[in-house]
Each structure stands twice: as structure tokens, then as C-alpha cells.
Amino acid sequence: SQVVQRAASLPPPREARHKQGFRRQRPAMMQRQGTMASPVVVAVPWNVQVSAPAPCRPRLAIATRKAQMASPPPRPAPYRGMTRQTSCPAPRPAAVAGAGAVGRQQRPPVQQAQRQPWHSPRSRAGPLFPPPRPVVEQPTSARTEDSARRQEVRDDAFRAERHSSPASFAPTGAADGRASAASAKRLAIIAPGAGTFTNAEVYSDLRRSGEFKIDIVGQAGAAYDRYPQWFPQGHTAPNLDTFAGDVLEKGSVQRAQCLVVGSRGGQVVLPRIWQSMGAAAPPTVVINGGCAMGLPKPVQWPRSAVTLLLMGGRDNFRSNKTHEEYIADAKRRVPAGNTSTAILYVREMPHMPPVPLLAAALPHLLRAGLSWKAHRQTPVEELQACLASIAKAGSWSGCLMYTNDRGAWQELPFGGKASTAQAAEAQAPGARRRCWGPGMGGA
């Protein structure tokens, strides 16, 4: 009671209460004889347990505080994804009671072994930030290599289509030991009509082989990629004719050792190159045979030009002609006495040659043109190797025709059931040579 009276009469200041360990107690309001008793505020130290006499309990209306520890309770450690560790408090001190006071029964101290560790739901689920998974290197499969190869093909096609100026692709190495970077032949591909996007895989294979250093000249779909005004529904400049003039001024064709043109490039660009360079024009592979057609403007075909035409039986350039008429018309466009022209006619080929067919034929045609230009002799072995490569690529049929040293046409049929007999007939001296297999005579 003395402690209560002293504490009630001399309460410490508000600032000192927290420093000295005092805490306020607000007893509940109690009703006595129909009147409300005023609440009494008592400041009790943390380490003192108050037990008032029995007559004073109802009047003071103080809820006896439990025994407190001598020091303030420790603050819990912040949660770090692990089980919270708590310490057992020290035993409570004995109760302080006055005369006649009945001390409150002491609760036995809690043993450490009885306390259960506290777990949060997140701790039961695992740590807040699990460690990263280890990176396991998997062996490269054939499918992964094929995906990387396709991505490289797409990158090459993108560079080929987006560059309006000649873009040079240096060879990466000689895969088959046939050539090195120093001896690689410079190949210029006229982009409009050559299928630099559809057949980008074929041109990428040529670049990776190390045998050719490829220059993509121009850009398909550019403002100048349209027929000149002397064609039906033609256009004034810029057009393919003015584009050919610009290419000749820059010297892209003069630096090349061989050319590849296709479709409208063979109809407009190649005749302009022949008109400007004449016999000095590099050997050319003409996809679709556009220079050997009836064009609005006559083509000045040099007599000594080395030209290899890849023509298709399902090409829209054939129009309504039969196979024989289409081939005969192409032969008539070749200058008389020319000894360096070859026509590879594939009956199943559409306007845009499929990738397997072009990949099998183009490298051999380019080698044959380079050999023809250098030695002025018919490269029969390279042409026969071209037919063998086409036979391995798929079920293609047709005929390979070329002019010999005397300017006469020689024919080598391929594909079909009668290809072996026709090839023997074509090689026989004095025999009448044909290029058609069974059923190839109709339209």
C-alpha cells in the first residue's frame, strides 16, 4: 500500500516514465452503488508486482500487473526466412504484499524444452529467395545445329535484302579443301530477280564453302526494281535499265569473275551489261533464261560470251509453248557460231527454282562457266557432275544442252526410266540426239 500511495502521489514526468521503466495502468471503470467511480491511474515499475489489501481492491480497481523482468524484453530478430529463435525469460520475483495481503499465486517458470519454435507460413513453404538453379550444359544436338544454321541463313538474307549498295560477304573458310580465301572467286549476284531471299540458303552455302566471295548487288523490291518504259506497262527512271547503268558506273560487274542473274535481271540488266562490256563480260548463270526470250528490245548477245541458262518446264516464261518449242526458241536466240553456251532444262522446275535443285546445280554451273572462260574448251566433266548432283537431289528430269567447239548442240538427257538409254544414244556418234523422256513431247 505504501508503494501504491507513493506512486500515486508522485507520478514521474512523461519523459521519465519511459526512461525509468514505468508504464501506465488504466483500470477499468467500475460501478459501485449505482455511481461511477473515477478511474485511478497508477504508475507501477516493471519489476514490481502490486498486491493491494482486500478493502482497497474495489476502490482502486487496479488490475494487478504480472511480474515483469528486471530489464525490458528483447526485441525479436527480423525474419530472414528461418525459424524464429526465442529465449526463455528469467523467473519472476517474489510477490510484494502488505500486512494482511494475500499474495497472488506464482506461475511456475516455463522451461525452454516446453517452448515450441515459431514457424511462419512462408518459412514452412521455403526460403523467401531460393537459390538459383544450376546451369547444366547440354550437348549440342543436330536439331540445335540446324536451328543455328537457319538463323545464319536468315541473317544473310536480311543483309542481302536491306543493303542497296553492294554488300560483300567474305568466305569463312574452305570446307572441302577446294579453295581458300586467297583463291576464292568473286561472284556478283544481281539481287532483283535472283531470289536472294527465297534461295538465301543456297547463297549462304556458297559463301561458307570458301570457293566464292559473294557480292549482293542491288536490292529486290527497291524503287528501281521495275521494267523500263519499252516493256508493256513499263516505267520511266528509275527502273532496271537505269539501275544497270549505275552498277556499271560503280564497277561492281567489272570486278566480278562470274555473275548470277534471274528473271527480270536476265531480261533487262544482263543485256545492258552485254551492250556495255561486250566480250569482256564475265561468265553468267541466267536463272529462267530471260535473255533467250522474245523481248521488246533486241538483245546484243556477244558471240564469245559464256552463258549458262537454267530453265524450267513449269515456268510462266514458257507461256503456251510446248517443251520442244520453248527449247527451240531459246536455241535460236544464241548467236550462230557461239561455242560457250549451255542450257539446263528441268521439266519440273517452276519460275523460282526450289532450294534442293538450285543447291545441286548452281555450284557446278559456276565452275563450268569459269573453266569455259579460262580455257575456251567445253567443260564436259563439270557438266556431267552437275547432272549427277541433280540426280542425287531428287526426281528431276530434263535435258542438258551445250554447244561444242564447232558450235553444234550436244544433248544429255537425265531423269526418267529411259534416261540411261537416252544418254547412251546421245553419246553414240552419228546418232540423232533427243532430250525428251517418255511423255515429254506434249504441252
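The values are calculated or read from the model by the stated rules, or taken from the named source; none is laboratory data. The model shown is predicted, which means the values in this text are computed figures rather than measured ones. Quick reminder, even Gly has a Cβ in these numbers, built from the backbone with ideal geometry, and neighbours come from all protein chains shown. Side chains are part of the model used for accessible areas, which takes the heavy atoms of the whole protein and leaves out ligands, DNA and RNA. Shrake-Rupley method; radii C 1.70, N 1.55, O 1.52, S 1.80 Å.
Summary of computed values
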{"read-out": "Cα Rg over Rh - the range 185-276, Kirkwood", "value": "0.98"}
{"read-out": "Placed amide H near K185: partners under 5 Å, 5+ positions off or other chain", "value": "F212, K213"}
{"read-out": "Charge context of G394, other residues only, Cβ under 13 angstrom, K/R +1, D/E -1", "value": "+1"}
{"read-out": "In Hz, Karplus ³J(HN,Hα) per residue of the range 232-244 (6.51, -1.76, 1.60; θ = phi - 60°; x = Gly, Pro)", "value": "x, 6, x, 9, 7, 4, x, 8, 5, 5, 5, 4, 4"}
{"read-out": "Under-5 Å amide H pairs with I287, H placed in peptide plane, nonlocal only", "value": "V261, G262, S263, L310"}
{"read-out": "Residue-by-residue Karplus 3J(HN,Hα) for the range 286-298, coefficients 6.51, -1.76, 1.60, Hz, glycine and proline x", "value": "10, 6, 6, x, x, 6, 9, 10, x, 8, x, 10, x"}
{"read-out": "Amide hydrogen neighbours beyond the local backbone of L412, cut-off 5 Å, H modeled", "value": "L400, M401"}
{"read-out": "Residue-normalised accessible area of the range 334-398, expressed per residue, 1.4 Å probe, Å²", "value": "38 Å²"}
{"read-out": "Modelled label reach - N316, point 7 Å along Cα→Cβ, the range 286-305 residues with backbone N closer than 19 Å", "value": "287-296"}
{"read-out": "Exceeding the 31 Å Cα-Cα cut-off - candidates K185/K321; K250/K321; K321/K392; K250/K392; K213/K321; K297/K392", "value": "K185/K321; K250/K321; K250/K392; K213/K321; K297/K392"}
{"read-out": "Span from the the range 198-253 Cα centroid across to the the range 268-320 one, whole angstrom", "value": "14 Å"}
{"read-out": "Residue-span extension gain [A222 to R186] - 0.36 nm each, minus C-alpha spacing", "value": "10.6 nm"}
{"read-out": "Which of H323, H364 is most accessible, then next, and so on - probe 1.4 Å", "value": "H364, H323"}
{"read-out": "Extension gain (nm, one decimal) between A279 and E381, 0.36 nm per residue minus Cα-Cα", "value": "34.3 nm"}
